Every structure is written in C-alpha cells, then in structure tokens.
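Chemist: First the structure, which I've put down as structure tokens, then a few questions once you've had a look.
The values are calculated or read from the model by the stated rules, or taken from the named source; none is laboratory data. All values reported here derive from a predicted model rather than from experimental measurement. All Cβ positions, glycine included, derive from the backbone under ideal geometry; neighbour counts span all protein chains shown. These area figures cover heavy atoms from the full protein model, side chains too; ligands, DNA and RNA do not enter into them. Shrake-Rupley method; radii C 1.70, N 1.55, O 1.52, S 1.80 Å.
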Amino acid sequence: MSRASADRAGSNTAAPVLVLGIGNELLGDDGVGVVAARRLAASPMPGVEVLDGGTLGLMLMPYLAGRQAVLVLDAVSGIHGMPGEIVVIGDSDVRRGHGVRATAHDVGLVDALSAAELAGCAPARVALVGIVPASVTERWGLSPIVGCRVGEMVNAARVVLAGWAAGVPADA
C-alpha cells in the first residue's frame, strides 16, 4: 500500500470520497489503475483520498468502509472495445462485477464491496473508470497505446468526481 494508506491506518478520519487504483504493475497494462491513481494524487483534492490498492482484493474492505463514494481506477475487459478505450462503469454494474474483468483483484474488489454492504458500511456510490489493456504480460510498464491515454483516464475520473460534487474541477 502507499504511504497515504499507511497514514490512514493510524487515523480515525477518512475522506468522504476514495479513489482506489488497483492492478499489478508487474503485468504491463494491468497496472494502469495504479499509475492513474498516482497521477491523480499529484493534485490533491479536498475531501478526496487517493490510494494504491495494488492487488489487495478483499483486504480493501477497511478502506472502502464508511465512505460516501468510491471511484476505482483499473484495466477492464476487452469486451469494452479496442485497447486504449476508456470506459466508465456505473454503480450497480461494479457492485455485481458486470463489466469488470475477472482477475483475482477484481473479484476481490466485488467481494470487498459485498463485505462492506453486509457490515452496513458500504459506500453510497461506486463507479469504475477503466481502460482496455493492450497487453497483460510479465513486464514492467504500460504499452504505448495505454500509456498515452492515462491522462484521459485521469480526466474521466475527475469528471466522475465532479459529478459527485467532490469539489473537483473536471478539467483540473
């Protein structure tokens, strides 16, 4: 986890909105969510916490608990289009796992959301901003087509956050 998550572990107050980058940077484009989260975190936003969730899966539940909203950044299934296409997946589809690719960390994300729901502390709103990967193989770094679209992915995340009235300008 990132330094931000280590800091949060020692704090009882969490920002109402969480942006969670998930993925494995050792698998090429699978790490795009983490890369996008770092870029988004470079411009802090009031009321928004940005965390690197890596591949923690179900262990993400404590970070989701009690939030008003959670925005996930991740690579998505090729059913959404061609490599490099950016996709926004809405609340009910994320919670059910529809449209989210079925890897270990994505199934864990759905499980973490379900566990928060059962515990009565699930976020009121959830969305996912994803990008279709070009290559998920054992290598460090994003493919050129995905790497050049990270900025657009971050802008799409800012639009979702602005729509949630998180105090984030859509074009910041």
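Chemist: Ordered by packing density, taken as the mean number of other Cβ atoms within 10 Å over each peptide's residues, highest first, how do 153-159, 112-118 rank?
Modeler: Numbers: 153-159: 21.7, 112-118: 18.0.
The packing order, highest mean first, is 153-159, 112-118.
Chemist: Let me ask you something else. Probe radius 1.4 Å, ligands and nucleic acids left out: which of ILE79, ILE22 has the largest accessible area, and how do the rest follow? Display every interim value, and only then the final one.
Modeler: On the way: ILE79 140, ILE22 0 Å².
Order by accessible area, largest first: ILE79, ILE22.
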